[in-house]
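What follows is a short report on a single structure.
The values are calculated or read from the model by the stated rules, or taken from the named source; none is laboratory data. Because the structure is a prediction, the values reported are computed rather than measured. Using ideal geometry, Cβ is built from the backbone for each residue, glycine included, and neighbour counts are taken over all protein chains shown.
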Amino acid sequence: MRPSISSWSTSCIALSQRADDVFSKEVGDSCMTPRQFAVLLAATQSDGSSQTDLVNSTGIDRSTVAEMVRRMTKRGLLQRRRSRRDARAYVVRVTEAGQSALKAAEPQAERAGAAFLAGLSGNQRQFRVEALWAIAESRER
């Protein structure tokens, strides 16, 4: 029996858990979570991102991003400093160690994405990926 549209929250939680499990299985040894991967990737794509930029590009809430950046800075993956334009904001850059960690995890993350969608046909994969992006981007409107 298929779940009803009214059980969307349960479906979202199950999808998120499945994605986390597949990512952890594929990326496992790199000691990187899916959210850390997303933050590193976002920070790499926009050098000198503010933490607010990372919140907006990843969809991770502000307090979680702040804590993640703090821990990832401590691990040497990110560098954080006060913005010259706004002393209240931090500018985040990926360190060489962060770039190396991201580069090492990218093929594994690609495999995780493929494994996550493996049970779907090509057309189903494309439709679901586009639908998930549309949902994610709708929070910006």
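Regarding N123, is this residue over 20 Å from A19 (Cβ atoms), at pLDDT below 90, of a type outside the set (D, E) and under 15 Å from the mean Cα position of the chain (by Cα)?
On the way: over 20 Å from A19 (Cβ atoms): yes; at pLDDT below 90: yes; of a type outside the set (D, E): yes; under 15 Å from the mean Cα position of the chain (by Cα): no.
Taking the combined requirement at face value, the residue does not satisfy it.
If I ask for residues that are of a type in the set (S, T, N, Q) and surrounded by fewer than 19 Cβ atoms within 10 Å (Cβ to Cβ), which ones from region 53-74 would you list?
Residues of region 53-74 of a type in the set (S, T, N, Q): 56-58, 63-64, 73.
Result: N56, S57, S63, T64, T73.
Within region 75-89, can one find any residue that is of a type outside the set (F, W, Y), free of Cβ contacts under 8 Å to residues at least 12 places away in the same chain, closer than 20 Å to E26 by Cβ and touching a helix residue (DSSP H, G or I) at 6+ places or on another chain (Cβ under 9 Å)? No; the residues of region 75-89 include none that is of a type outside the set (F, W, Y), free of Cβ contacts under 8 Å to residues at least 12 places away in the same chain, closer than 20 Å to E26 by Cβ and touching a helix residue (DSSP H, G or I) at 6+ places or on another chain (Cβ under 9 Å).
Taking only region 20-64 into account, find how many residues are part of a helix (DSSP H, G or I) and modelled with pLDDT of 85 or more. Break it down stepwise before answering.
First, pick out the residues of region 20-64 that are part of a helix (DSSP H, G or I): 20-30, 34-45, 51-58, 62-64.
Now narrow it down to the ones that are modelled with pLDDT of 85 or more: 20-25, 34-45, 51-58, 62-64.
Number of matching residues: 29.
Pairs are defined by a Cβ separation below 9 Å, a sequence spacing of at least 6 or placement on different chains, a first member in region 11-26 that is among the basic types (K, R), and a second member that is surrounded by 12 or more Cβ atoms within 10 Å (Cβ to Cβ); the pairs so defined are R18/F116; K25/A112; K25/A115. Tell me, please, whether a residue that is of a type in the set (A, V, I, L, M), touching a strand residue (DSSP E or B) at 6+ places or on another chain (Cβ under 9 Å) and surrounded by 16 or more Cβ atoms within 10 Å (Cβ to Cβ) can be found in region 14-35. Scanning region 14-35, I find no residue that is of a type in the set (A, V, I, L, M), touching a strand residue (DSSP E or B) at 6+ places or on another chain (Cβ under 9 Å) and surrounded by 16 or more Cβ atoms within 10 Å (Cβ to Cβ), so the answer is no. What are the residue pairs meeting all of these: first residue in region 100-126, first residue within 15 Å of L40 (Cβ to Cβ) and loosely packed, with under 11 Cβ neighbours inside 10 Å, second residue aliphatic (A, V, I, L, M) and at pLDDT below 90, Cβ atoms under 7 Å, and 6 or more apart or on different chains? Taking only residues 6 or more apart or on different chains, not a single pair turns up.
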